[in-house]
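Here is the structure we will look at.
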Amino acid sequence: MAAAETKNIYTVRLLGTPEVLVNNRPVAFPYKKVEGLFYYLCVEKRIMRSAAISILWTDCDETSARKNLRDALYHIKRIIAPDFVLSEGNSVLYL
(Lines give C-alpha, C1' and ligand atoms only; values in the text may rest on other atoms or scores of the structure.)
Protein backbone atom coordinates (compact mmCIF):
# COMPACT_ATOMS: atom_id res chain seq x y z
CA MET A 1 0.00 0.00 0.00
CA ALA A 2 1.39 3.40 -0.98
CA ALA A 3 1.85 6.09 1.64
CA ALA A 4 -0.75 8.85 1.53
CA GLU A 5 0.58 12.09 0.15
CA THR A 6 -0.09 15.03 2.44
CA LYS A 7 -0.77 18.48 1.08
CA ASN A 8 0.41 21.60 2.83
CA ILE A 9 -2.02 24.43 3.46
CA TYR A 10 -0.56 27.88 2.83
CA THR A 11 -2.05 31.08 4.23
CA VAL A 12 -0.63 34.49 3.31
CA ARG A 13 -2.15 37.66 4.75
CA LEU A 14 -0.80 40.94 3.47
CA LEU A 15 -3.34 43.41 4.89
CA GLY A 16 -2.49 44.74 8.32
CA THR A 17 0.54 42.96 9.74
CA PRO A 18 1.78 40.50 7.09
CA GLU A 19 1.58 36.87 8.14
CA VAL A 20 2.52 33.57 6.51
CA LEU A 21 1.27 30.24 7.82
CA VAL A 22 2.07 26.75 6.63
CA ASN A 23 -0.35 24.19 8.04
CA ASN A 24 -1.53 26.85 10.54
CA ARG A 25 2.01 27.37 11.86
CA PRO A 26 3.65 30.80 11.54
CA VAL A 27 6.64 31.11 9.25
CA ALA A 28 9.66 33.15 10.31
CA PHE A 29 11.85 34.48 7.52
CA PRO A 30 15.58 34.82 8.34
CA TYR A 31 15.78 38.41 7.08
CA LYS A 32 13.57 41.12 5.58
CA LYS A 33 14.68 40.81 1.95
CA VAL A 34 13.70 37.13 1.87
CA GLU A 35 10.32 38.12 3.27
CA GLY A 36 10.05 41.00 0.77
CA LEU A 37 10.82 38.74 -2.18
CA PHE A 38 8.26 36.21 -0.97
CA TYR A 39 5.52 38.86 -0.60
CA TYR A 40 6.37 40.37 -3.99
CA LEU A 41 5.99 36.96 -5.64
CA CYS A 42 2.70 36.37 -3.82
CA VAL A 43 1.29 39.60 -5.24
CA GLU A 44 2.80 39.63 -8.73
CA LYS A 45 3.05 35.83 -9.29
CA ARG A 46 6.18 36.23 -11.43
CA ILE A 47 9.24 38.46 -11.60
CA MET A 48 12.31 38.72 -13.75
CA ARG A 49 15.48 37.91 -11.81
CA SER A 50 16.96 41.22 -12.94
CA ALA A 51 13.92 43.09 -11.60
CA ALA A 52 14.14 41.32 -8.22
CA ILE A 53 17.80 42.29 -8.01
CA SER A 54 17.12 45.92 -8.95
CA ILE A 55 14.25 46.18 -6.43
CA LEU A 56 15.84 44.45 -3.44
CA TRP A 57 19.60 44.75 -3.87
CA THR A 58 20.19 48.13 -5.49
CA ASP A 59 23.15 48.83 -3.22
CA CYS A 60 25.08 45.69 -4.30
CA ASP A 61 27.21 44.96 -7.32
CA GLU A 62 25.66 42.48 -9.78
CA THR A 63 27.64 39.45 -8.59
CA SER A 64 26.71 40.01 -4.94
CA ALA A 65 23.10 40.79 -5.84
CA ARG A 66 22.75 37.54 -7.81
CA LYS A 67 24.24 35.60 -4.89
CA ASN A 68 21.81 37.33 -2.50
CA LEU A 69 18.89 36.41 -4.75
CA ARG A 70 19.99 32.77 -4.87
CA ASP A 71 20.32 32.78 -1.09
CA ALA A 72 16.85 34.32 -0.66
CA LEU A 73 15.32 31.72 -2.97
CA TYR A 74 17.06 28.95 -1.04
CA HIS A 75 15.52 30.22 2.21
CA ILE A 76 12.03 30.50 0.71
CA LYS A 77 12.23 26.98 -0.68
CA ARG A 78 13.56 25.61 2.60
CA ILE A 79 10.97 27.39 4.77
CA ILE A 80 7.86 27.13 2.56
CA ALA A 81 8.35 24.23 0.11
CA PRO A 82 11.02 23.13 -2.39
CA ASP A 83 8.72 23.68 -5.37
CA PHE A 84 6.96 26.84 -4.15
CA VAL A 85 9.07 29.16 -6.34
CA LEU A 86 9.87 27.91 -9.81
CA SER A 87 12.06 29.33 -12.54
CA GLU A 88 11.56 29.68 -16.24
CA GLY A 89 15.03 29.42 -17.68
CA ASN A 90 17.49 31.65 -15.90
CA SER A 91 15.49 34.84 -16.11
CA VAL A 92 11.96 34.46 -14.65
CA LEU A 93 10.78 33.37 -11.21
CA TYR A 94 7.16 32.46 -10.55
CA LEU A 95 4.83 30.75 -8.10
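I need the full set of residues from the stretch 4-25 which are without any contact (Cβ under 8 Å) to a residue 60 or more places away in the chain and more than 15 Å from the chain's Cα centre (by Cα), in order please.
Selection gives Ala4, Glu5, Thr6, Lys7, Ile9, Leu15, Gly16, Thr17, Asn23, Asn24, Arg25.
Could you list, in sequence order, the residues of the stretch 52-86 that are open to solvent by 20 Å² or more (accessible area, probe 1.4 Å), part of a loop (DSSP other than H, G, I, E, B) and hydrophobic (A, V, I, L, M, F, W, C)?
Within the stretch 52-86, Cys60, Phe84 qualify.
Go through the stretch 34-51 and report how many residues are farther than 13 Å from Ser87 by Cβ and exposed (fewer than 14 other Cβ atoms within 10 Å of the Cβ).
The number of residues fulfilling the criteria is 3.
The values are calculated or read from the model by the stated rules, or taken from the named source; none is laboratory data. Model, not experiment: these values are computed from the prediction. Cβ sites come from the backbone with ideal geometry, for glycine too, and all protein chains shown count toward neighbours. All accessible areas refer to the heavy atoms of the entire protein, side chains included, with ligands and DNA or RNA removed. Shrake-Rupley method; radii C 1.70, N 1.55, O 1.52, S 1.80 Å.
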